[in-house]
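The values are calculated or read from the model by the stated rules, or taken from the named source; none is laboratory data. The model shown is predicted, which means the values in this text are computed figures rather than measured ones. Counting neighbours? That spans all protein chains shown, and the Cβs are built from the backbone with ideal geometry, glycine included. Areas reflect the complete protein model, heavy atoms only, side chains present, ligands, DNA and RNA absent. Shrake-Rupley method; radii C 1.70, N 1.55, O 1.52, S 1.80 Å.
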There are 2 protein chains.
Amino acid sequence: MVLYMRPEQLNATFSALADPTRRAILARLATGEASVNELAEPFDMSLPAVTKHLKVLQRAGLISQSRLAQQRPCKLEAKPLQDAVNWIEQYRRFWEQRLDQLDAYLLTLQNQQKEQNNE
Amino acid sequence: MVLYMRPEQLNATFSALADPTRRAILARLATGEASVNELAEPFDMSLPAVTKHLKVLQRAGLISQSRLAQQRPCKLEAKPLQDAVNWIEQYRRFWEQRLDQLDAYLLTLQNQQKEQNNE
């Protein structure tokens, strides 16, 4: 089964993941909601620089920001990450099949070798 | 368990995956080796443009090119993709736990509501 996923969404997700600061922000948010100040804390980075990364993550749909609470906490959105994994996984099955075939072939060769040695 | 993966490698992998042509090339290579000409065929693109994408994939370690055969076929390398999935998956467990907790909480609320209605 080859799943259909919007190319623009996958572009945005993978592009957002291609930066170590953004991955660290997602890793932090995986443990729970956090305010922009809390997210900025561990990075040696200005608040506007962190905000820029948050905007990239937000545009990619990987995080959302509450408009209700005063702290406007950020929250991780799992769906695009799930789609990204699904995209990779759908092809992983092919390689694993090919690796299994190679394993089976090598085993056959080994057994033939053993038989020849026993003759 | 939080796995350690080289940040530069993950940057390169996700960056390479952020383009639909490169994803299509990887999808093609998942079904077997192919020459540069074979890879270029389905795209409305010049050979140098395709070669440029192949170089990005090669630098990210996602494909390798044989130096032996005359056709110099390209081959998919699964390891970086596996690492990319692992990076996403290690955090997915956190969200799923949180989703499970939310489910359990909602179920408790529902049961309380039912009990109240039956009183």
Any idea what angle helix B:47-59 forms with the longest principal axis of chain B, computed on alpha-carbon atoms, 0 to 90 degrees, nearest 10?
60
Could you give the semi-axes, largest first, of the ellipsoid that matches the range B:66-119, computed as the square roots of 5 times the alpha carbon gyration tensor eigenvalues and rounded to whole Å?
54, 11, 4
Which of A:SER46, B:SER66 is most accessible, then next, and so on - probe 1.4 Å:
A:SER46, B:SER66
Which three lengths, in whole Å and largest first, does chain A cover when its Cα atoms are put on their principal axes?
81, 33, 21
Work the Kirkwood hydrodynamic radius out for the protein assembly as shown: mean of 1/r over every pair of different alpha-carbon atoms, inverted, in Å.
20.8
Once the in-chain neighbours fewer than 8 apart are removed, the lysines whose Cα is under 20 Å from B:LYS55 read B:LYS75, B:LYS79
Using Cα positions and a limit of under 20 Å, work out the aspartates and glutamates in reach of A:LYS114, with same-chain residues fewer than 8 apart set aside.
A:ASP103
With the crude spin-label approximation of a point 7 Å out along Cα→Cβ, what separation in nm comes out for A:ARG92 versus A:GLN65?
3.3
So, taking all protein chains as they sit and a 1.4 Å probe, how much accessible area belongs to B:PHE94, in Å² rounded to tens?
80
Quick check for me: using +1 on Lys/Arg Cβ and -1 on Asp/Glu Cβ, what's the dipole size of chain A about its Cα centre, in debye to the nearest 20?
720
Peptide-level mean, for A:11-24, of C-beta atoms on other protein chains within 10 Å:
5
So how exposed is B:TRP87, as accessible area in Å² (1.4 Å probe, rounded to 10)?
20
Taking a crude spin-label model, label points 7 Å out from Cα along the C-beta direction, the A:LEU109 to A:ARG6 distance in nm is 4.7
Pick out, from B:GLN113, B:LEU47, B:ALA78, the residue whose Cα sits farthest towards the positive end of the charge dipole of chain B, with +1 on the Cβ of Lys and Arg and -1 on the Cβ of Asp and Glu.
B:LEU47
Please calculate the 1.4 Å probe accessible area of A:GLU96, with all protein chains present, and give it to the nearest 10 Å².
80
